[in-house]
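The values are calculated or read from the model by the stated rules, or taken from the named source; none is laboratory data. Since the model is a prediction, treat every value here as computed from it, not as a measurement. All Cβ positions, glycine included, derive from the backbone under ideal geometry; neighbour counts span all protein chains shown.
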């Protein structure tokens, strides 16, 4: 009878060949899997902004056309649009944090003392900021410095912007990803008031900017018509930040 070759052990060369093939396959698959995970986090970020947009729309409907301001004043205290929406419309605090940003890197949008009657459960981690470009703060632009006029969305609850003043809402940026600073942190609590200067947009230097670029050199933005758009870094139009006269 001939030798039974069904159960012969692998030779060293065959084992090494199999290992090499597996290593090559893994090398091909890992970048694809990594890209798929990043894409999934980008989609999650857009979903967050879409939900936030619905909350913003509800606020406008409930306040006779006035847009959601960046900050609300209650006596000597201030609290952000994030905590307002969280307390009134959005129960899930997770929608205010981009999935691409690690825990511990985000900012705390509320820095004042506790106001349980207004904010029973403040959001601890957030990573989205509002466009509140201020009058006269746009580099090279001939804009009024009148403090009663806002060129971004509402700076605070004392100077709200009415939708009737907004020029082409579908082209205007409302809320965006925030920037991860070189030191590994996101924006400061002071910057959490919103994007107020040209240097804080995607056109600004890394030492000044507040607009993120962590989606493969892109950032997501909620527009005035509740659409969510992704922008290539340093590509937003100047007129997309200037909302109202």
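Any residue that is in contact with a helix residue (DSSP H, G or I) (Cβ under 8 Å, 6 or more places away or on another chain) and at pLDDT 85 or above - is there at least one of those in the range 145-168? Yes, that holds for at least one residue. Residue-level check: of (1) touching a helix residue (DSSP H, G or I) at 6+ places or on another chain (Cβ under 6 Å); (2) modelled with pLDDT under 75, residue 8 misses just (1). Please determine, by comparing only the residues of the range 88-122 that are buried (at least 17 other Cβ atoms within 10 Å of the Cβ) and over 15 Å from the mean Cα position of the chain (by Cα), which one is modelled with the highest pLDDT. Among them, the one singled out is 122.
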